[in-house]
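Each reported figure results from applying straightforward, stated rules to the coordinates on display, with no laboratory input. Since the model is a prediction, treat every value here as computed from it, not as a measurement. Counting neighbours? That spans all protein chains shown, and the Cβs are built from the backbone with ideal geometry, glycine included.
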Amino acid sequence: MKVILLIALFSIICLNSFSQKFIIDTICCRDTVLKQPSRSIKGIEDSAFRVKTVKCTKRSNLGTRIEVGVSKYNYNNKTEQWLGNHLGPNFNLIFTINKFNLGIRFKPATVNTKTNLVFTNDTLPIYSKLNPIKLDYYLGYSFDFTHNISIEPYIGYSHTRFTIINENELKNKLSIPDVNGFISGVTGNKYFKLKGHNYVAIFASLGYAFVNYNNVNENLDRGYFELTIGIAYKGFLERQFLREVE
């Protein structure tokens with residue numbers, strides 16, 4: 001419950017820090033183009049019937065976002081005694097539909113275990129080299145504000161698979177059970193506009209995963225905190241058209 005309240009409080013503070021929504025306008029160039037109006041007399045192509053237009057670009061609701069970052073994982077007490085808190089890269093691919101985000105995160109890491117771990121009928125010894133590879137699937141929503149700032153809360157599902165790197169040294173083929181659980185959190189972004197409707201951003205994300213590590217060993221705790229800092233690219237599909245000007 002404390003975790004949910006912390007994330008909710010962080011979201012409310014961010015949302016109340018800015019007062020106006022950021023609106024993305026249609027972009028038009030300054031150079032004019034002569035165009036035959038659609039209601040001109042049929043068969044007459046005289047320039048007197050032509051009107052001035054400018055070429056405009058309108059943003060589509062469809063787009064993509066790509067993130068690269070570094071995550072810090074803080075586990076609860078008993079899980080920390082086994083895995084230890086650690087860092088890891090974070091790769092994120094998001095498909096956007098207007099303000100909705102549908103994403104997948106790939107979060108590999110390499111750790112040396114801190115204690116022996118008994119699971120099923122096997123024992124993973126201390127100092128084993130392990131890859132806890134996390135995959136997150138989630139849905140989010142973007143609140144956009146002035147100064148190209150956005151706050152994006154999300155909810156989703158996380159899956160972790162363990163791969164033992166030094167299995168040959170251990171002389172034993174082990175299979176650690178996978179762990180799963182729901183995730184929730186919020187991401188804050190500061191966007192910098194590129195050409196058209198393309199942006200780069202720096203971001204920070206705070207989340208919590210309700211993951212069942214006790215599926216590996218009943219003495220382990222559930223869940224972990226995650227703090228991610230990184231950079232992102234976000235771009236939208238565009239539609240071009242001519243707009244009449246006086």
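List of remarks:
- Percentage, to the nearest whole number, of Cα pairs in the range 104-218 over 19 Å apart: 58
- Where the Cα pairs of the range 155-215 fall when distances are cut into 5 Å bins, in %: 4, 14, 14, 12, 12, 12, 11, 9, 7, 4, 2, 0
- Take the Cα of T57, go 7 Å toward its beta carbon, and the backbone nitrogen atoms of the range 222-242 under 16 Å from that spot belong to 234-242.
- The packing ranking of peptides 233-240, 199-206, highest mean first, is 199-206, 233-240, where packing means the average number of other beta carbon atoms within 10 angstrom of each residue.
- Extension gain (nm, one decimal) between K114 and S175, 0.36 nm per residue minus Cα-Cα: 20.1 nm
- Listed pairs K58/K195; K134/K171; K72/K134 exceeding 18 Å between Cα atoms: K134/K171
- Between the range 77-113 and the range 117-138, the Cα center-to-center distance that results, in Å: 15
- Between V200 and R161, the FRET efficiency from the beta-carbon distance, with R0 = 30 Å, is close to 0.40.
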